[in-house]
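Below is one structure, written out as structure tokens; comments come after it.
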Amino acid sequence: MREIAGVERSKGSGVEGALIVEELRRLEEDLNRSLKERGEVVRAVVLALLSGEHLYLVGPPGTGKSLVVRLAAERFSGLSYYERLLHMESDRDALSSSPLSPIGIAEGSLVFLDEVLRAPRSLLLTLLGFMNERVWHDPAPTPAALLSLFAASNAHPSQGDNLEAFFDRFALRCLVEPVRRFESFVDLLESSPFGGRKEPKAAFSPEDFRRLHRHVATAVPIGSGVYEALWELRYRLGREGISLSDRRWKLVLKILRAVAFYEGAGEVSVGHLSGLLPVLWTYPPEIRTIRRILAGMVP
């Protein structure tokens, strides 16, 4: 087993944490081998699982948004999985059960809400406490098993939708587009996910993941020049009209720690800023600008 910097020496994470990271690396390798041109999406899923944060996937129908979440969830037999397809008549009672899952949303360690923007705005806003505090009101408050929530949509919320508070709860966002290269297109036509192979499942408990989340969020040191680089990044984004809330900058630092930890570094360095794209953009047209800014800052 390759040593993960800081994990085996930390009482807060333990050997299970190192094993989870190794399993996440195998998962990323397997998904990238089977799902062509999905490297950024797969890495975002891995970072969500590693940090205990939420991920929003947006893209046209048929681009594999649901598939990548299901394949990742299937890998961890110790985590309960809840999935629900939302629509304009969805309500809180509907979320307490699902024809796609044997459990209710409060019992799901990994929760996937498909076609999330088809749901009424009022329902989405009631999910804020569930995503933040991990509490489900049905109607009395009940502690939720939630580790990470994944949402998918064919559209992106506009400013007129008044869903800023809901969308801001997703630390990670990813644009999923159709494959572009000829080789990927041929592979798409000829292959099925994992070629029909059944990957071995990992039986880590929710508490194993929670210990790892706490470790990643607090125990990865910030290296020299990182805070200054983030201040410069904030300035450069602002010059392009891209503004992040103070709360979101705290999420930036959390994901930055997760990136460094996953890559086996002993501390966060300026070079790890290259992994911040999924946490920086709010609207898809910003993605190209942010890529350019990050490329100009990372050595």
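The values are calculated or read from the model by the stated rules, or taken from the named source; none is laboratory data. Since we're looking at a predicted model, the values are computed, not measured. Cβ placement follows ideal geometry from the backbone for every residue including glycine, while neighbour counts extend to all protein chains displayed.
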query = So which of S153, S184, S158 is in contact with a strand residue (DSSP E or B) (Cβ under 6 Å, 6 or more places away or on another chain), of a type in the set (S, T, N, Q) and not assigned by TED's automatic domain parsing to the domain that holds R248?
reply = S153
ask   = Restricting attention to the stretch 135-149, and to residues there that are assigned to a strand (DSSP E or B) and among the aliphatic types (A, V, I, L, M), which single residue is modelled with the lowest pLDDT?
value = V135
inquiry  = Restricting to the stretch 150-182, name every residue that is over 23 Å from R291 (Cα atoms), modelled with pLDDT of 90 or more and exposed (fewer than 15 other Cβ atoms within 10 Å of the Cβ).
reply    = F182
remark   = Taking the stretch 150-159 and keeping only residues that are assigned to a loop (DSSP other than H, G, I, E, B) and free of Cβ contacts under 8 Å to residues at least 24 places away in the same chain, one is left with S158
inquiry  = Looking at the stretch 43-58, I want the residues that are assigned by TED's automatic domain parsing to the domain that holds A73 and have a partner that is buried (at least 23 other Cβ atoms within 10 Å of the Cβ) and among the acidic types (D, E) with Cβ atoms under 9 Å, at least 6 apart or on another chain. Which pairs are those?
reply    = L47/E53
note = Here the residues within the stretch 108-124 that are among the charged types (D, E, K, R) and under 19 Å from the mean Cα position of the chain (by Cα) are D114, E115
message = I need the helices (runs of 4 or more DSSP H) fully contained in the stretch 209-299, keeping only those with at least 2 residues that are among the basic types (K, R).
response = 226-239, 246-262, 286-297
query = Residues in the stretch 183-196 that are polar (S, T, N, Q) and either closer than 30 Å to A217 by Cα or surrounded by 13 or more Cβ atoms within 10 Å (Cβ to Cβ) (or both): how many?
reply = 2
Positions within the stretch 5-17 being surrounded by fewer than 23 Cβ atoms within 10 Å (Cβ to Cβ) and either modelled with pLDDT of 90 or more or not small (G, A, S) (or both), in sequence order = E8, R9, K11, V15, E16
note = Reported set for the stretch 238-249 where residues are out of contact with any helix residue (DSSP H, G or I) (no Cβ under 9 Å at 6 or more places or on another chain) and surrounded by 11 or more Cβ atoms within 10 Å (Cβ to Cβ) is G238
